[in-house]
Every structure is written in structure tokens, then in C-alpha cells.
Amino acid sequence: MSINKHRVVVIGLGNPLMGDDGLGLAALERLREYALSPEVELVDGGTWGMNLLPVIEDADELILIDAIDTGAAPGTAVRLEHAQLPRYLATKISPHQVDLRDVLALAELRGTLPPDTVALGLQPASIELRNALSDVLRCRVDLLAASVAQELARRGYAASRFPAVAIHA
């Protein structure tokens, strides 16, 4: 007999070689500094494209972290609920890339997209060939990680930052 374990999957998305597009991965790294419930799984989704489909389909709840272009001022916090997702998560780096919109649409078509799916992110300032976030996003990565932790806590999962440890020489 198998026991089904509830899974909350948090996927950091983006390409760190394209400036602010690497935001989701930077925020995911900050989340690794939090004590999280065992049901919470952090996934480096990078630019996996269609390879994310089984990860998404196996989740009971899904939180996506990404740079989300809504046309707002750079650094503006963005929260997209399930029904809003396909419209905004659409940045393609190359014409050959499968984007997250395609993956979510396929999961929706198959009836396997978790109903409790949300995307959290920030409005990017610049998506260009560069291996660093813009200053405005770099200064807000901790805030984004904290908003993901708040989302987890709102859903009833532990998500608290580990206390800083002083190192004495």
C-alpha cells in the first residue's frame, strides 16, 4: 500500500545569463535559507521547458517564482493567480524555446495543473545578455523570497528564516 504524501512544489524559473530573467533562481536560492515544512520541495526550474511537466503534474500545490512582465515599474511585486498565469509568463529567449505558458497549457489540457497554483515575482527592469540582476531587482530578492515564505505560511506550511550565525575569528 502506498501512502500519498501532499507536495507543495516551489519552482524558481529563468535564465541567469539574461539579466533579470534569472530572478526566480536567485529568489529560490534565498529560500534555501529558510526552514521549510517537509512537504515543501524547492525545484530549480531554470529553462527546463517541457521537462517541468511531470514536476508540475505531480504537485498538489504549485508556486512559481519568476520575473513577470506586466508593464509595471521595475521591481514592482507581482502575484498572479491560476487564471491569470498564461497571459504573463511568456518571455522567450529564443524562438525554439518552449515557454512555461506551453507547459501550463498542456497540464491544464490534461487536467493535471494543480488548482492551487500561483506565480510570485517582480517586474523586470532589463532582460538582456548579462549575468547579473539589475540593481532594482537585486535589492528586492530577499523581499520576494519572504513573500514566497508568507505564501507558504498562509497555506499552513512552516517557512521561517534560519537565524544568522555569528562567526568569530
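A short reminder: the numbers here are calculations on the coordinates, not readings from a lab. The structure displayed is predicted, hence computed values, not measured ones. Cβ sites come from the backbone with ideal geometry, for glycine too, and all protein chains shown count toward neighbours.
For the reader, a short list of remarks on this structure follows.
- With a Förster radius of 22 Å applied to the beta-carbon distance between S37 and D58, the computed FRET efficiency rounds to 0.80.
- Peptide packing: for 114-121, 78-85, the average count of neighbouring Cβ atoms within 10 Å per residue gives the ranking 114-121, 78-85, highest mean first.
- Förster radius 35 Å - calculated FRET efficiency between M50 and R154, Cβ distance, rounded to 0.05: 0.70
- Restricting region 110-169 to trypsin sites (Lys or Arg not before Pro) that sit in a DSSP loop and have at most 15 other Cβ atoms within 10 Å of their own Cβ leaves R110.
- In the calculated pair-distance distribution of region 8-161, the portion above 20 angstrom amounts to 43 percent of the Cα-Cα pairs.
- Placing +1 on each Lys and Arg Cβ and -1 on each Asp and Glu Cβ, with no other charges, gives the chain a dipole about its Cα centre of roughly 240 debye.
- Length added when fully stretched, H82-R161, from 0.36 nm per residue minus Cα-Cα: 25.7 nm
- Subtracting the Cα-Cα distance of L106 and H6 from their residue separation scaled by 0.36 nm leaves 33.8 nm.
- Note: relative contact order over the chain, using C-alpha pairs below 8 Å and six or more positions apart, is 32 percent.
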